[in-house]
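A short write-up of the structure that comes next.
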Amino acid sequence: MKIGVIGCGNISETYFESQNLYNNFKVIACADINLEAAKASAIKFGIQQQNVDEILDNKDLDLIVNLTIPSAHKEIIIKTLNANKHSFSEKPLAMNFQDGLEIKKLADDKGLYVGCAPDTFLGAAGQKAKDLIEKNSIGSVVLGSFHLMSHGMEHWHPNPDFFFKPGAGPVLDVGVYYVTQLVSLLGPVKNIISISATVEKERTITSQPRSGEKIIVETPTTLMGILEFENNAKIQYFCSWDVWNHQHNPIEIYGKEGSIVLPDPNYFGGNIALAKKDKDWEIISTANMLLGLPNRKDGDNKIANYRGIGLSEMIDSIYNKRSARCNINLSLHVLEIMEGILIAAETEKIYSLQSSCNKTKLLTEDEINKLKIS
Ligand SMILES: NC(=O)c1ccc[n+]([C@@H]2O[C@H](COP(=O)([O-])OP(=O)(O)OC[C@H]3O[C@@H](n4cnc5c(N)ncnc54)[C@H](O)[C@@H]3O)[C@@H](O)[C@H]2O)c1
């Protein structure tokens, strides 16, 4: 499938390069409101530079990948659907659940696919843990926790403002990986309890080129609470950009017969720890799985980064007329959970979800083999 990219910023290189990992799409054009950014990508990847209207009108394209900032996601997805093209967007799907519902209605009316990141839950660690849970390795899941804690984004991203505005913050920006992983493992959420804090009202950028500039914080930087899933499992969460150091595991899941610890769901690979009741921890490596094999340098380490699998699997689903793993119902439900975490904190009331979604099917090594360029 020939595809175009709108939004040629920080994450775009990963998507341009993902066409070398998967065999069913080619990026042939790109656009950005910042013409210099679009030009730089067009030159680097040898593709056509267009403006946003031109790329939406481009008859050679069947799908637009939306890599703009969160506040532009809805506008670009709606324009893409109105141009009769499928859309795959970076997360979050939109700034709020209501906007997400509008996107879903238009996608359904038009019979077009809308997929959304993250696709890291399709990685080796997420799928291995799903397989273990579905094979009843720890019995039915009853409790658990997830912790994502750091001291923010202003030290690395060149333009970190959007992280501290509505539509981002630790839940919508990073929590999305954890929530999507858990919905993939446990199914939909029904109730949310939450409390919030904003430790610093102003952040100082320390990354280049804007080092020293201030950002006014407009969304909570810490959220803590509980997600209650439709299967009655209760998962405690702690999402914060106000913590310098900690020693919590990213995700712990407790079943009636044992426990599983998952690695950071922002990544595709990593080790899983499994302890059956009365037994010691067993470490399960995912490095021999297709989407777990380390393939990218990350500082001094090598990590598994297979971003693009969600897009590739969605394109395969379009051709084979089936629901994609990264589908609109999943991203809409995840969006409502994330918004619900903020609303529950603001209103000091339990938030009950309106939306639900089907648990995604395990992505098998055979299915990945058909999409992946080895
Ligand atoms: N940077 C990362 O590591 C990373 C990782 C995963 C996901 N994401 C997600 O990817 C998205 C983009 O993040 P980024 O870090 O690349 O941001 P960025 O600010 O570096 O790039 C965004 C680009 O979108 C362009 N843009 C903004 N509004 C536009 C519009 N209306 N029309 C056309 N172009 C527009 C900007 O000019 C900019 O070049 C965000 O949703 C973010 O959550 C980023």
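The values are calculated or read from the model by the stated rules, or taken from the named source; none is laboratory data. None of these values were measured; they are calculated from a predicted model. Cβ: placed from backbone, ideal geometry, glycine included. Neighbour counts: every protein chain shown.
Pairing each residue of the range 59-73 that is within 18 Å of residue 309 (Cβ to Cβ) with any residue that is aromatic (Phe, Trp, Tyr), provided the two are 6+ apart or on different chains, yields C-beta distances under 6 Å for 65/15; 65/88. On inspection, residue 60 passes the criterion of being of a type in the set (Asp, Glu), touching a Gly at 6+ places or on another chain (Cβ under 9 Å) and away from the ligand (no atom under 15 Å from the Cβ). Could you tell me whether residue 278 is without any contact (Cβ under 8 Å) to a residue 24 or more places away in the chain, more than 26 Å from residue 358 (Cα to Cα) and among the acidic types (Asp, Glu)? For residue 278, the condition - without any contact (Cβ under 8 Å) to a residue 24 or more places away in the chain, more than 26 Å from residue 358 (Cα to Cα) and among the acidic types (Asp, Glu) - is met.
Condition first: polar (S, T, N, Q) and either part of a loop (DSSP other than H, G, I, E, B) or surrounded by 19 or more Cβ atoms within 10 Å (Cβ to Cβ) (or both). Now tell me which residues in the range 1-22 satisfy that.
We begin by selecting, within the range 1-22, every residue polar (S, T, N, Q); these are 10, 12, 14, 18-20.
Result: 10, 12, 18, 19, 20.
Note on the range 26-38: residues that are assigned to a helix (DSSP H, G or I) and either away from the ligand (no atom under 11 Å from the Cβ) or closer than 12 Å to residue 12 by Cα (or both) total 2. Regarding residue 151, is this residue modelled with pLDDT under 95 and more than 16 Å from the ligand (Cβ to nearest atom)? Judged against the criteria, residue 151 is a match. Can you name the residue in the range 158-198 that is modelled with pLDDT under 95 and not in a helix (DSSP H, G or I) and, of all such residues, is surrounded by the fewest Cβ atoms within 10 Å (Cβ to Cβ)? For the range 158-198, the residue satisfying everything is 158.
Taking the stated definitions as given, is residue 17 of a type outside the set (S, T, N, Q), more than 8 Å from the ligand (Cβ to nearest atom) and over 21 Å from residue 112 (Cα atoms)? Yes.
Within the range 77-108, the residues that satisfy the criterion of being of a type in the set (Asp, Glu) and away from the ligand (no atom under 11 Å from the Cβ) are 99, 102, 108.
What is the one condition in (1) buried (at least 22 other Cβ atoms within 10 Å of the Cβ); (2) away from the ligand (no atom under 14 Å from the Cβ) that residue 136 does not satisfy? That leaves (1) as the condition not met. Does residue 205 satisfy the condition of being away from the ligand (no atom under 13 Å from the Cβ), in contact (Cβ under 8 Å) with a residue 60 or more places away in the chain and of a type in the set (A, V, I, L, M)? Against the criterion (away from the ligand (no atom under 13 Å from the Cβ), in contact (Cβ under 8 Å) with a residue 60 or more places away in the chain and of a type in the set (A, V, I, L, M)), residue 205 does not qualify.
Among residues of the range 105-125 that are part of a helix (DSSP H, G or I) and surrounded by fewer than 17 Cβ atoms within 10 Å (Cβ to Cβ), none has a beta-carbon under 8 Å from a residue that is at pLDDT below 95 and not basic (Lys, Arg) at least six positions away or on a different chain.
When the strands (runs of 3 or more DSSP E) confined to the range 225-314 are screened for residues that are among the β-branched types (Val, Ile, Thr), those reaching at least 1 such residues are found at 234-240, 251-255, 258-262, 272-276, 282-284, 301-303.
Results for (1) among the small types (Gly, Ala, Ser); (2) over 23 Å from the mean Cα position of the chain (by Cα); (3) within 16 Å of the ligand (Cβ to nearest atom), shown as yes or no for each residue.
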site: 247; (1), (2), (3): no, yes, no
site: 252; (1), (2), (3): no, no, no
site: 257; (1), (2), (3): no, yes, no
site: 287; (1), (2), (3): yes, no, no
site: 294; (1), (2), (3): no, no, no
site: 299; (1), (2), (3): yes, no, yes
site: 302; (1), (2), (3): no, no, no
site: 316; (1), (2), (3): no, no, no
site: 319; (1), (2), (3): no, yes, no
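As a summary of the residue check, residue 211 satisfies the conditions (1) out of contact with any Gly (no Cβ under 9 Å at 6 or more places or on another chain); (2) surrounded by fewer than 20 Cβ atoms within 10 Å (Cβ to Cβ); (3) part of a strand (DSSP E or B) except for the one numbered (3). Checking each residue in the range 157-180 for being more than 14 Å from the chain's Cα centre (by Cα) and under 18 Å from residue 67 (Cβ atoms) picks out 157, 158, 159, 160, 161, 162, 163, 165.
Can you name every residue in the range 24-56 that is exposed (fewer than 15 other Cβ atoms within 10 Å of the Cβ) and under 26 Å from residue 295 (Cβ atoms)? Result: 26, 43, 44, 46.
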